[in-house]
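Take a look at the structure below.
Each value in this text was obtained by applying a stated rule to the coordinates, not by laboratory testing. Being a predicted model, the structure only gives us computed values, none of them experimental. FYI the Cβ positions are ideal-geometry reconstructions off the backbone, even for glycines, and counts take in every protein chain you see.
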Amino acid sequence: MSILVIRGPEHHDRLTSPPPPLPPSVLGALVQRAACSVQRAGCAGQTLAVRSCGSTTEVLTALRLANEWGVRATLLDPGALSDHPLLQRAVQGLTHPYVEVHDGLGEQEPSLPASTGRRLAVVDGYGARSYALALEIALEQLGCAECECDVHVGT
C-alpha cells in the first residue's frame with residue numbers, strides 16, 4: 001500500500017463509531033475531482049486505501065499499522081482528535097510524510113501543531129476537494145506528478 005487515508009471521529013462526544021460516510025454529493029464531487037488523481041496513482045504504481053475510524057484507539061492503530069505496512073504517505077483527517085496528545089505522539093512516530101486534511105466547508109477546524117511529524121501541508125475547508133488536493137500533494141511528494149494525467153484541483 002502506498003497512500004493511506006485515515007478519517008478520525010468528528011465529535012468528542014461520539015468517539016464510539018466511525019465518522020459518517022461522506023455525503024453522496026461530496027463523495028460524488030471527490031470521485032469526479034480525484035478520478036484522474038487516482039488514475040495517476042495507479043499508473044505510477046501507487047495504491048490508495050481508506051480507513052474511517054470511530055475512536056482514538058482505531059486512529060492510533062491505523063497510524064501504527066501505516067508504518068508496518070510500508071505506507072509511503074498518509075492523508076490524515078484527525079477529526080475531533082487534533083488536540084489529543086496520543087494522536088500527536090503517534091503522528092510524530094510516522095516514518096513517512098503526511099498531509100493533514102479537514103473537509104469542513106465554511107468552518108475552521110483545529111490543526112495539529114506545525115511541528116508534529118513530517119507534515120507536508122494542511123488542506124482545510126474545501127469539502128471533497130480537500131481530499132483530492134491532499135492526494136495531489138502526496139503524489140507529488142512520491143514523485144508521481146509527471147504521470148500522463150494533468151489535474152488542477154479547485155479550478
Here the net charge surrounding Gln92, from other residues whose Cβ is less than 11 Å away from its Cβ (Lys, Arg +1; Asp, Glu -1), is +3
Once Lys and Arg are counted +1 and Asp and Glu -1 for all other residues with Cβ under 15 Å from that of Asn67, the total becomes +4
Pseudo-spin-label distance Val122 to Asn67, built 7 Å along Cα→Cβ, given in nm, is 2.4
Checking the stretch 60-148 for trypsin sites (Lys or Arg not before Pro) in a loop per DSSP with at most 15 other beta-carbon atoms within 10 Å yields Arg118
Measuring from its Cα centre, the stretch 53-136 shows a charge dipole (+1 at each Lys and Arg Cβ, -1 at each Asp and Glu Cβ) which, in debye to the nearest 20, is 360
